Amino acid sequence: MDKPYTGGCACGAIRYSIVGEPLFSNHCQCRDCQRESGSGHGSYATFARAGVTVTGEAKHWDMTANSGNAKTRCFCTHCGVAVYMTFAAQPDVFTIRVGSLDEPARYKPQAVTYAARAYGWDRLDPDLPKFAGMPPG
């Protein structure tokens, strides 16, 4: 069995353990991710929800994604760190912020999404495929 992906918030009030490999890993340069990260992009890994265990209580903040569907960002009420996201239109997936991983070096980005909204100063790996928005289904 593969080693689970583990992580959580900075203060440890929220912890997760994920069995299985990411379905998709990306840097997202959409404006929402820029605002949330305080940088030029957010880095994420998306997993099958079935392999996820979360302990602790996160504060949920719903917003509308570019698709028009609800996206829920989840963060710690104690330290304020954004930890994971869920999507109303995709209830079978669970997306973590890579900075919340105990071992962020395990992250292997596959693509850059919303590259059309990139800033010149936010230079990402030029060898990664870039998509103006989300890649096709």
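The values are calculated or read from the model by the stated rules, or taken from the named source; none is laboratory data. Remember, predicted model here, so these are calculated numbers, not experimental data. Here the Cβ positions follow ideal geometry from the backbone for every residue, glycine too, while neighbour counts run over all protein chains shown.
The rows are residues; the columns are (1) under 15 Å from Cys33 (Cβ atoms); (2) in contact with a strand residue (DSSP E or B) (Cβ under 7 Å, 6 or more places away or on another chain).
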site: Val52; (1), (2): no, yes
site: Met63; (1), (2): yes, yes
site: Ser67; (1), (2): yes, no
site: Asp92; (1), (2): no, yes
site: Leu101; (1), (2): no, yes
site: Ala116; (1), (2): yes, no
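Residue check: is Ala70 touching an Asp or Glu at 6+ places or on another chain (Cβ under 7 Å), surrounded by fewer than 14 Cβ atoms within 10 Å (Cβ to Cβ) and under 17 Å from Met134 (Cα atoms)?
yes
Within segment 33-63, which residues are among the aromatic types (Phe, Trp, Tyr) and at pLDDT below 95? Lay out the reasoning, then the answer.
First pass over segment 33-63, keeping only residues among the aromatic types (Phe, Trp, Tyr): 44, 47, 61.
Result: Trp61, single match.
Pairs only if they're at least six apart or on different chains, beta carbon under 6 angstrom, first in segment 79-101 and closer than 20 Å to Asn66 by Cβ and free of Cβ contacts under 8 Å to residues at least 60 places away in the same chain, second β-branched (Val, Ile, Thr) and part of a strand (DSSP E or B); list them, first residue then second.
As it stands, the answer is Met85/Thr95; Thr86/Thr72; Thr95/Thr46, since those pairs meet every condition given.
Assess whether Pro109 counts as being over 30 Å from Pro126 (Cα atoms) and touching a helix residue (DSSP H, G or I) at 6+ places or on another chain (Cβ under 9 Å).
No, not satisfied.
Cβ-Cβ below 6 Å, separation at least six or inter-chain, first residue in segment 48-61 and under 14 Å from Ile96 (Cβ atoms), second exposed (fewer than 13 other Cβ atoms within 10 Å of the Cβ): which pairs?
From segment 48-61, the pairs are Arg49/Asp92.
Being surrounded by 14 or more Cβ atoms within 10 Å (Cβ to Cβ) and either of a type in the set (Gly, Ala, Ser) or more than 22 Å from Thr113 (Cα to Cα) (or both) is the filter here, so list the residues in segment 40-58 that pass it. Steps first, answer last, please.
Step one: list which residues in segment 40-58 are surrounded by 14 or more Cβ atoms within 10 Å (Cβ to Cβ), which gives 40-49, 51-52, 54, 56, 58.
Listed by number, the residues that qualify are Gly40, Gly42, Ser43, Ala45, Ala48, Gly51, Val52, Val54, Gly56, Ala58.
How about segment 1-28: which of its residues are modelled with pLDDT under 95 and touching a helix residue (DSSP H, G or I) at 6+ places or on another chain (Cβ under 8 Å)?
none
Report yes if some residue within segment 4-17 is closer than 27 Å to Lys130 by Cβ, aliphatic (A, V, I, L, M) and either crowded, with 17+ Cβ neighbours inside 10 Å or touching a strand residue (DSSP E or B) at 6+ places or on another chain (Cβ under 6 Å) (or both); otherwise report no.
no
Residue check, Asp125 against (1) in a loop (DSSP other than H, G, I, E, B); (2) crowded, with 18+ Cβ neighbours inside 10 Å, all met but one. Which one?
(2)
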